[in-house]
Amino acid sequence: MKKKLRNLSLFFVALLIIPLISACSSQTKPYDSSKKIGEQINYTITGIDAGAGIMSSTQTALKDYGLSKKNWQLQTSSTAAMTSTLDKAIKEKRPIVVTGWQPHWMFTKYPIKFLKDPKNVYGKAESIHTIVRLGLKKDDPEAYTILDRFHWKPAQMSEVMLKINGGMDPQKAAKQWIKDNPKLVNKWTDGVKKVHGKSLKMTYVAWDSEIASTNVVAQVLREQGYKVTIQAMEQQPVWASIATKAADAQVSAWLPKTSGLYYKDYKGRFEDLGPNLKGAKVGLAVPKYMKNINSIEDLKNK
Ligand code: PBE
């Protein structure tokens, strides 16, 4: 009797597992340019966290390019899950479409390309702005000056991101980068009076680019004598924290499009110190071996 029961349960386990295995193996097929791309990836774009601007832009893209009508959908996950799915797909030359942005190490580490966006849903180039709370200039002119001067290039942000991606602690990566780039850092701090243990709070979203920039700025301010805390949260609370003066600064506003909705919502309740980085880019990306997929329109037609 017992044995029969065990056999029966084994049978049911097999019933559950066999379709799972075949579902996986149907995904492990390499990219085939003779087949429709949508069919090969179940009409799914691999996305990141729901609060990211790139996610709402992608929903707009699905509508504007007529992809929603054709059953295309955007899968919510996290940056870490997205990059690990991308990693696995590339190892097996499988087709995949991801939400991509630059600066990011995914473009250094993997052979991927942005899809053309003829309807300009994602905007051409973006800048990343520094946003501070109202009144910071008066309360904390030293920190304000450094935050206002902070600027760097995509390649420099990538250097910090790559260190962190290689396993280095973000604060340590920031310290090392600051040590290696005294000329640029001096431009930010030149002539600014040091302080002694004044508190300052920064908020950020834990995207790789923002982990890098926030840690660098926080560390520069620490070396000026500030006691800086940095706190990671979702995008909306980051903007709210500045608007309510619960936090002093954030360096992660991708504009005009990606963080544009929050910028509009909180307008008048923050000060925009302008770009700290120019030449950022947001869009959909695919591996380069997907040779005949070059535009978002190709997702519908090819
Ligand atoms: N990102 C990285 C963010 C901004 C920084 C492109 C994932 C987004 O809101 O989409």
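If contacts are Cα pairs under 8 angstrom and at least 6 residues apart, what is the relative contact order of the stretch 54-174 in percent?
25 percent
As a test, work out the antiparallel percent of DSSP beta bridges whose residues both lie in the stretch 126-280, rounded to the nearest 5.
Percentage antiparallel, nearest 5: 60.
Taking amide H positions as placed 1.01 Å from N in the peptide plane, with prolines and chain starts having none, which residues 5 or more places from L284, or on another chain, fall under 5 Å of its amide H?
G100, L115
Just the Kirkwood number for the stretch 150-203, please: inverse of mean 1/r across all distinct Cα pairs, in Å, one decimal.
Kirkwood radius, the stretch 150-203: 12.8 Å.
Just the number, please: percent antiparallel of the DSSP beta bridges in the chain, rounded to the nearest 5.
Around 60 percent of the beta bridges assigned by DSSP in the chain are antiparallel ones.
With +1 assigned to the C-beta of every Lys and Arg and -1 to the C-beta of every Asp and Glu, and no other charges, what is the dipole magnitude of the stretch 126-280 about the Cα centre in debye, to the nearest 20?
360 debye
How much length would be gained if the chain were fully extended between N181 and K300, taking 0.36 nm per residue of separation minus their Cα-Cα distance, in nm to one decimal?
38.2 nm
For the chain, calculate the relative contact order in percent as a whole number, restricting contacts to Cα pairs under 8 Å that are 6 or more residues apart.
29 percent
Given 5 Å bins starting at zero, what is the percent of C-alpha pairs of the stretch 235-302 in each, up to the one with the largest pair distance?
3, 13, 21, 16, 11, 9, 9, 9, 7, 2
Dividing the convex hull volume of the alpha carbon atoms of the chain by its residue count, what do you get in Å³ per residue?
Dividing the Cα hull volume of the chain by its residues yields 173 Å³.
With contacts defined as alpha carbon pairs under 8 Å and 6 or more residues apart, what's the relative contact order of the stretch 126-280 in percent?
45 percent
Given labels modelled 7 Å from the Cα in the Cβ direction, how far is it in nm from K288 to A50?
3.7 nm
Give me, ordered by chain and number, the residues 5 or more places off K198 or on other chains with an amide H under 5 Å from its own placed amide H.
Distant-sequence amide H within range of K198: K227.
In a Gaussian network model over the chain where Cα atoms closer than 10 Å are linked, find which of S213, S56, S199 has the largest mean-square fluctuation.
S199
For K113 and R269, compute 0.36 nm times the residue count separating them, minus their Cα-Cα distance, and round to one decimal in nm.
Value of the extension gain: 52.4 nm.
Bear in mind that the values in this text are calculations on the coordinates, not laboratory data. Small disclaimer: the values here were computed from a predicted structure and weren't measured. Glycine also receives a Cβ, built like all others from the backbone with ideal geometry; neighbour counts cover every protein chain displayed.
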